[in-house]
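J.: Quick one: this structure, given as structure tokens, is what I'll be asking you about.
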Amino acid sequence: MWSGRTGALFRAWGLWPAGVLGRRPLGCNAASVAGNNSPQCWNCGGPGGPMRGEEFFCPQCRALQPPDPTRDYFSLMDCNRAFRLDTAKLQDRYQQLQRLVHPDFFSQRSQTEKDFSEKHSTLVNDAYKTLLAPLSRGLYLVS
């Protein structure tokens, strides 16, 4: 729909039709939304960088961003920081994250995105394995 030169112009001007997934609404000021001190995207220079919350991709160029080194396994897997976990919910979250960041989905992307994908995927695997087993979950909680 919005491809080629028209889409490039909209992206360059900071405009994109409302309702298009992964894009800002028309007239949205990205600096005011992201805050002035947010890290920059490695690809386009826009607000991005190591993403917090559910954001793994730059909101402007959709490039995969580096993982947040300060994020713990419970927040990554969207679980309460407690010993008791819903393992079915944990498994669903694991599969959801792997569909987003698995290296197989980045084979046609830049080497930087491939590397970030491997790091994200490894982090998700480690978090899942740690939180799935009660002993390793308890040790992780204590540490």
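J.: Based on the alpha carbon coordinates of region 73-142, what radius of gyration and maximum Cα-Cα distance (Dmax) apply, in Å?
T.: Answer for region 73-142, Rg first and Dmax second: 13.3, 41 Å.
J.: Measuring with a 1.4 Å probe in the full set of protein chains, what accessible area per residue, in whole Å², belongs to region 73-142?
T.: Values: 4300 Å² over 70 residues.
So region 73-142 comes to 61 Å² accessible per residue, rounded to a whole number.
J.: Return the lysines within reach of residue 89: Cα separation strictly under 24 angstrom, same-chain partners fewer than 8 residues apart disregarded; answer none if there are no such residues.
T.: The reachable lysines, counting only those whose Cα sits under 24 Å from residue 89, are 119, 129.
J.: Under 8 Å for C-alpha pairs, at least 6 residues apart: give me the relative contact order for region 73-142, rounded to a whole percent. Could you put the intermediate results ahead of the total?
T.: Values: 55 pairs, mean separation 28.3, N = 70.
After rounding, I find 40 percent.
J.: Another question, if that's okay. How about region 107-143: which trypsin sites (Lys or Arg not before Pro) there are in a DSSP loop, with at most 15 other Cβ atoms within 10 Å of their Cβ?
T.: Passing both the DSSP loop test and the Cβ count: 109.
The values are calculated or read from the model by the stated rules, or taken from the named source; none is laboratory data. All values reported here derive from a predicted model rather than from experimental measurement. With ideal geometry, Cβ positions are generated from the backbone for all residues, glycine too; neighbour counts draw on all protein chains shown. Quick note on the areas: whole protein, heavy atoms, side chains included, nothing else; ligands and nucleic acids left out. Shrake-Rupley method; radii C 1.70, N 1.55, O 1.52, S 1.80 Å.
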